[in-house]
Amino acid sequence: GIDVALRMGWVKDSSLRAVRLGSFRQLVVAAPAYLREAGTPSHPRDLAQHQWVALTLLPTPLTWKFTGPGRATANVRMTARIRTDNPSSLRALVEAGAGISVLGEGTAREALQTGQLVQVLPRWKLPEGGLHAVFPPGRHQPRQVQAFMDFYRARLAQAEAT
């Protein structure tokens, strides 16, 4: 009974059809107080020595692949101090100084602007996540769904421009 659903992150193989509407960067972040106490990592491998807050909704919440300066790569496996299945709780825990984690750029934006969070390892990149429109298989796509997707794409482009 659903014409379209929105899914953030990575679409798993399934019988559903998906169209990518946009993407978002993932950022390693921590509270300034945590970094003052524990130190600031200078390389992704340093993250394994820090308190990690894991988002269990992710397919691999403890293993991260970084791409850095000069196309360097680093695969890091963390040990979770705390695990949560809620992105809002993850942000609150990191803001409170519970450790370091990864947040989507949109989720972290306000806290980064106000100084509640600091981006860690800004020269190292993580794979981008996607925002997808997901449809049931084999169904005709109504004009209203296409209009919604066009509207949403335009809003995403407008938000990225500001």
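The values are calculated or read from the model by the stated rules, or taken from the named source; none is laboratory data. Keep in mind it's a predicted model, so treat the numbers as computed, not measured. Glycine gets a Cβ as well: all are built from the backbone with ideal geometry, and neighbour counts include every protein chain shown. The area values use the complete protein model at the heavy-atom level, side chains included, leaving out ligands, DNA and RNA. Shrake-Rupley method; radii C 1.70, N 1.55, O 1.52, S 1.80 Å.
Being in contact with a Ser or Thr (Cβ under 6 Å, 6 or more places away or on another chain) and among the charged types (D, E, K, R) is true for just one of Glu110, Glu95, Glu105, Glu128. Which residue is that? Steps first, please.
Details: Glu110 fails: in contact with a Ser or Thr (Cβ under 6 Å, 6 or more places away or on another chain); Glu95 fails: in contact with a Ser or Thr (Cβ under 6 Å, 6 or more places away or on another chain); Glu105 fails: in contact with a Ser or Thr (Cβ under 6 Å, 6 or more places away or on another chain).
Only one candidate passes the filter, namely Glu128.
Do any residues in the stretch 74-91 that are at negative phi and modelled with pLDDT of 95 or more have Cβ atoms under 6 Å from those of residues that are of a type in the set (Asp, Glu) and exposed (fewer than 12 other Cβ atoms within 10 Å of the Cβ), where the two are at least six apart or on different chains, and which pairs are they?
Going by the 6 Å Cβ cut-off, there are no qualifying pairs.
Is one or more of the residues making up the stretch 6-27 part of a helix (DSSP H, G or I) and either open to solvent by 40 Å² or more (accessible area, probe 1.4 Å) or within 16 Å of Leu103 (Cβ to Cβ) (or both)?
Checked the stretch 6-27: no residue is part of a helix (DSSP H, G or I) and either open to solvent by 40 Å² or more (accessible area, probe 1.4 Å) or within 16 Å of Leu103 (Cβ to Cβ) (or both).
Is at least one residue of the stretch 46-68 touching a strand residue (DSSP E or B) at 6+ places or on another chain (Cβ under 7 Å), open to solvent by 90 Å² or more (accessible area, probe 1.4 Å) and polar (S, T, N, Q)?
no
Of the residues Ala111, Ala54, Ala38, Ala98, only one is within 17 Å of Gly129 (Cα to Cα) and modelled with pLDDT of 95 or more; which?
From the options Ala111, Ala54, Ala38, Ala98, the qualifying one is Ala54.
Any idea how many residues of the stretch 59-115 are within 13 Å of the chain's Cα centre (by Cα) and over 19 Å from Trp10 (Cβ atoms)?
Of the residues in that region, 3 qualify.
Output the number of the condition that Glu37 fails; it satisfies all remaining conditions of (1) open to solvent by less than 70 Å² (accessible area, probe 1.4 Å); (2) in a helix (DSSP H, G or I).
(1)
Hey, can you tell me all the residues within the stretch 40-67 that are under 19 Å from Val118 (Cα atoms) and not in a strand (DSSP E or B)?
Thr40, Pro41, Ser42, His43, Pro44, Arg45, Asp46, Leu47, Ala48, Gln49, His50, Gln51
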